[in-house]
1. Please state the charge dipole magnitude for the range 3-228, taken about the Cα centre, from unit charges on C-beta atoms (+1 on K and R, -1 on D and E), reported in debye and rounded to the nearest 20.
2. Given only helices, namely DSSP H runs of n ≥ 4 each adding -39500 (n - 2.57), what is the per-residue ellipticity at 222 nm of the chain, to the nearest 500 deg cm²/dmol?
3. Just to confirm the filter: which chymotrypsin sites (Phe, Trp or Tyr not before Pro) across the range 30-97 are DSSP coil and have at most 10 other Cβ within 10 angstrom of their Cβ?
4. Between 218, 18, 112, whose Cα lies farthest towards the positive end of the dipole of the chain when Lys and Arg beta carbons carry +1 and Asp and Glu beta carbons carry -1, centred on the Cα centre?
5. Please report the relative contact order for the range 145-219, taking Cα pairs under 8 Å with a sequence separation of at least 6, and give it as a percent rounded to a whole number.
6. Angle between the Cα long axis of helix 150-168 and the longest principal axis of the chain, 0 to 90 degrees, nearest 10?
7. Report the relative contact order of the range 3-228, percent, no decimals, based on alpha-carbon pairs under 8 angstrom and at least 6 residues apart.
8. Separation between the residue 86 and residue 228 pseudo-spin-labels, each 7 Å from Cα along Cα→Cβ, expressed in nm?
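Here, each number is a calculation from the coordinates, and none is a lab measurement. Keep in mind that this is a model prediction, so the values were computed, not measured. Note that each Cβ is placed from the backbone with ideal geometry, even for glycine, and that neighbours are counted across all protein chains shown.
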Amino acid sequence: MSFVTISGLLINAVLVSTPPLLLAALGSCFSERSGVVNIGIEGMMTIGAFIGAISAHYIGNGWIAFLLGGVAGMVFGALHALACISFNADQTIAGTAINFIGPGLAIFISKALFNSSDTPPLNPDSKLPKMFSGTFRPGSFGYNVIETYPAAYLSILLVIVIWFVFFRTRFGMRLRACGEHPKACATLGINVRRVRYTCVILSGFLAGLGGAFVTLSTVSQFRPSVIVGQGFIAIAAVIFGKFNPQGALIGCLIFGLCNGIKPLVGSGNVISPNLVSMIPYVVTLLALILFVGNSRVPAASGKPFAKDE
């Protein structure tokens, strides 16, 4: 293959692999910066992937299914917020429970509806549409890079929007303050619980969108293994990116590139497919080992705040 073809395939792989990670990572940024640890990103992505798939199956509209996947994640985000903020539950245990409830509920409903843990394959018209579909010759650089899902570019645009919200708005200032000094915020009249509820629910919504993107783009159906640890990779990207949206983008691009390398490395059957599939996870571990010491966790992260005083 030529350099242009290989580069086009790599960029295409990044554009397909990065959005679900990035959307989930941006959601994690909201939750973590407000002071609530959200280990449940994986479960929120899974339920978003499932609801996105069955919504597309029954409704036949990819964009509506994409949003409904986000709403499903938002419901689980609200559940996590209720447990952690209102009832002061251990945030790590609550998130772990979400990671069990999300996939378990998805498989239960799938078997009830379709007598299988897998949903039926989606009709191409029910999936997320591509930009400039049919414009470029298959295999060309334009086909691989330009003729892609607009939701991929939307996720990158969200990085700019969320960075602006975090660092250029009053809400962003309060959000970051609640993750650092919640008692001082309460003294100044800021409703810490309300801010944290908003951020955790937004976290679930974005994670649900990330899961829905997976089933509505390349996979085209829900399977129990469809997310396969992407939620944890997204959390690793947030830690790598020092809990900032721009840093999370860099981390997600690196992990997305690793996913893109997999089919190229494994194409000649020289390396075992099992070893090739390990690449993103090995890179995740290395990133955490090498860079986690440079990340400063928000001071109040994981610490319950009993009430606004």
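1. Working: 14 positive and 7 negative charges, 122 e Å.
Roughly 580 debye, rounded to the nearest 20.
2. Working: 13 runs with 211 residues, N = 309.
Rounded to the nearest 500, it is -22500 deg cm²/dmol.
3. On the way: sites: 30, 50, 58, 63, 66, 76, 87; in loops: 87.
Passing sites in the range 30-97 are 87.
4. Among 218, 18, 112, the one farthest towards the positive end of the dipole of the chain is 18.
5. Details: 24 pairs, mean separation 16.1, N = 75.
It rounds to 22 percent for the range 145-219.
6. The two axes meet at around 20 degrees.
7. Numbers: 426 pairs, mean separation 96.2, N = 226.
Here the relative contact order equals 43 percent.
8. Spacing of the two 7 Å Cα→Cβ label points: 3.8 nm.
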